[in-house]
Amino acid sequence: MISPDAGLPVDFPENLAGWLSQLEGRHPKGQAGIELGLERVRQVSEALGQQPFCPIITVAGTNGKGSTVAYLESILSMAGHKVGCYSSPHLLAYNERVRIGGRAVADAGLCAAFARVESARRQAGNVLLTYFEFGTLAAWEVFAQAGCEVLVLEVGLGGRLDAVNLYDPDLALVTTVDLDHQDWLGPDRESIGFEKAGIFRAGRPALCGDSQPPARLLDHAGRLGVPLQLIGRDFGFQKDDENRFEWRYWGKRADGSIQRRSLAYPGLRGAVQLKNAALAIAALDVLAPRLPVTMQAIRQGLIHVELPGRFQVLPGRPALVLDVGHNPQAVQVLAENLGTMGFFEQTYAVLGMLADKDVAGSIAALRGRVAHWFLTDLEGPRGLKAEALAEQVGRADPGIALSCHRSPAEALAAAQEVAGENDRILAFGSFYTVAGALQALGRA
């Protein structure tokens, strides 16, 4: 077991930027490098002497993970619990991935945790870890040192073989199952559903927020004896017919059915957020005996939640919408949300995507709604060049106006040049696209 007070070898980086650069350099694809499997990360975890110390909620899913995690984090914090939250990827700073009580952990805390993980990695025989695996182990170290009372952990990719799945959850959540990362998770919803169901544990509760869960997910839960609750069957939500500003949640608890009425709409925009909020409330009801929350905490947690880049509408004219949606299901939801915003004369889209994404499928829901596509290069080994993106957009929407740019900032500036005050600019397609837009706007 590595002592937190062990002296640091001279070759350890001196600051967070140095640590992140070192971690990126260990994989040919940098922070985007993926090597699924738990054997290597388990070796280092054992060298660290990591042991469970509080309830764990693990959240997997194709879309909706970030919002659901944010609701859980916000409500539990409002209820007075010391919440450790691990999510990915980050928008602007790595620290966003590791939060305690809703606040990003400072550089010093992360560097100390990285040093302990690196020492354990060497002690275990110089085990090779990816950027994400190393960060996952370090996040646990941060939370353990801080004495967190509950952990909310977001799966990075899939579930079964993701580093987060090293830690046994007391409650497992699968938000949605749709096509994404097929090279890693399989070609269809059934394969992907099985991978996400890999976070289930025998006899421990689980929730699924997908209204049509794949059969393999259900079968896996059945084989493990998982008490699985499904949205629409065991819990759900309804809009208030008399008050368009309120909704209600219904669900089950060990002591019977429950209704939570007169709930204000969540702080995150979009109709899909009622489903994500309902999933979070259902999770809290399951864990109520161990992690009690009040109705006041639920109300305040839903209202005051913040999550940049999820249908984020910035004030001003022209209107500017930022969304990290990068697969067909997510962009379909984005399109539906755009339809609720009211009338705009033109919509201009700033789009940057990664090379392994379904470009045609992702933009299909926006066909005919965009006057001009401002396409941008994205950096990194997975980034798609604007010219390659233009070919796919042109095939998906023949004859549409488009232009290519070297960066999200340049593409956004070009869109701002032509957009009038009654128009709308949409920047989406990747965390990198939204981050670039935020930096260009001076919001970094």
Has the range 104-124 got any residue that is crowded, with 21+ Cβ neighbours inside 10 Å, polar (S, T, N, Q) and over 30 Å from residue 269 (Cβ atoms)? yes
Could you tell me which of the residues 290, 269, 233, 244 is within 24 Å of residue 212 (Cβ to Cβ), assigned to a loop (DSSP other than H, G, I, E, B) and open to solvent by 20 Å² or more (accessible area, probe 1.4 Å)? 233
Restricting the range 21-44 to residues that are open to solvent by 30 Å² or more (accessible area, probe 1.4 Å) and within 22 Å of the chain's Cα centre (by Cα), the residue that is modelled with the highest pLDDT: 24
Conditions (1) within 27 Å of residue 333 (Cβ to Cβ); (2) of a type in the set (Lys, Arg); (3) open to solvent by 40 Å² or more (accessible area, probe 1.4 Å); (4) in a helix (DSSP H, G or I): number failed by residue 196: (3)
Of the residues in the range 168-178, how many are open to solvent by 20 Å² or more (accessible area, probe 1.4 Å) and either within 22 Å of residue 211 (Cβ to Cβ) or hydroxyl-bearing (Ser, Thr, Tyr) (or both)? 1
Please state which of the following conditions residue 151 fails to meet, knowing it meets all the rest: (1) part of a strand (DSSP E or B); (2) surrounded by fewer than 20 Cβ atoms within 10 Å (Cβ to Cβ). (2)
Filter the range 155-164 down to the residues that are open to solvent by 10 Å² or more (accessible area, probe 1.4 Å) and outside any loop (DSSP other than H, G, I, E, B) and list them by number. none
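Identify the residue in the range 299-333 that is β-branched (Val, Ile, Thr) and assigned to a helix (DSSP H, G or I) and, among all such residues, is farthest from residue 363 (Cα to Cα).
Among them, the one singled out is 303.
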Name every residue in the range 302-326 that is surrounded by 19 or more Cβ atoms within 10 Å (Cβ to Cβ), in contact with an Asp or Glu (Cβ under 8 Å, 6 or more places away or on another chain) and over 19 Å from residue 87 (Cα atoms), in order of residue number. 318, 319
Quickly run through the range 310-332 and pick out the residues that are of a type outside the set (S, T, N, Q) and within 23 Å of residue 390 (Cα to Cα). 320, 321, 322, 323, 324, 325, 326, 328, 330, 331
Given (1) closer than 20 Å to residue 18 by Cβ; (2) at pLDDT 95 or above; (3) open to solvent by less than 20 Å² (accessible area, probe 1.4 Å); (4) among the hydroxyl-bearing types (Ser, Thr, Tyr), number of the condition residue 130 does not satisfy: (2)
Pull out all pairs, ordered by first then second residue, where Cβ-Cβ is under 8 Å, the residues are six or more apart or on different chains, the first lies in the range 207-227 and is over 23 Å from residue 69 (Cβ atoms), and the second is open to solvent by 60 Å² or more (accessible area, probe 1.4 Å). 215/190; 216/190; 224/202; 225/202
In the range 386-423, which residues are out of contact with any Lys or Arg (no Cβ under 7 Å at 6 or more places or on another chain), assigned to a loop (DSSP other than H, G, I, E, B) and surrounded by 16 or more Cβ atoms within 10 Å (Cβ to Cβ)? 400, 407, 419, 423
Say we look at the range 336-385 and pick out the residues that are surrounded by 22 or more Cβ atoms within 10 Å (Cβ to Cβ) and hydroxyl-bearing (Ser, Thr, Tyr); which of these is farthest from residue 419 (Cα to Cα)? 362
Note on the range 354-385: residues modelled with pLDDT of 95 or more and either out of contact with any strand residue (DSSP E or B) (no Cβ under 7 Å at 6 or more places or on another chain) or assigned to a strand (DSSP E or B) (or both) are 372, 373, 374, 375, 376, 385
Starting from the range 325-352, keep only residues that are over 12 Å from residue 369 (Cβ atoms) and of a type in the set (Asp, Glu), then list their pairs with residues that are buried (at least 17 other Cβ atoms within 10 Å of the Cβ) and at pLDDT 90 or above whose Cβ atoms are within a distance under 8 Å, requiring at least 6 positions of separation or different chains. 345/423
May I ask you to list pairs of residues, at least six apart or on different chains, whose Cβ atoms are under 9 Å apart, with the first in the range 14-29 being within 15 Å of residue 117 (Cβ to Cβ) and of a type in the set (Gly, Ala, Ser) and the second being modelled with pLDDT of 90 or more and assigned to a loop (DSSP other than H, G, I, E, B)? 18/12
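Closer than 21 Å to residue 425 by Cα and under 24 Å from the mean Cα position of the chain (by Cα), is that true of residue 285? Give the steps one after another, and end with the answer.
Working: closer than 21 Å to residue 425 by Cα: no; under 24 Å from the mean Cα position of the chain (by Cα): yes.
No, not satisfied.
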Taking the condition among the hydrophobic types (A, V, I, L, M, F, W, C) and either under 19 Å from the mean Cα position of the chain (by Cα) or at pLDDT below 95 (or both), does residue 206 pass? yes
Looking only at helices (runs of 4 or more DSSP H) that lie completely in the range 33-129, which have at least 3 residues being of a type outside the set (Asp, Glu) and without any contact (Cβ under 8 Å) to a residue 40 or more places away in the chain? 107-123
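The values are calculated or read from the model by the stated rules, or taken from the named source; none is laboratory data. Note that this is a predicted model, so its numbers are computed, not measured. Positions of Cβ are backbone-derived with ideal geometry, glycine not excepted, and every protein chain shown enters the neighbour counts. Ligands, DNA and RNA are stripped out before the accessible areas are found, and what is left, the full protein with its side chains, is counted by its heavy atoms. Shrake-Rupley method; radii C 1.70, N 1.55, O 1.52, S 1.80 Å.
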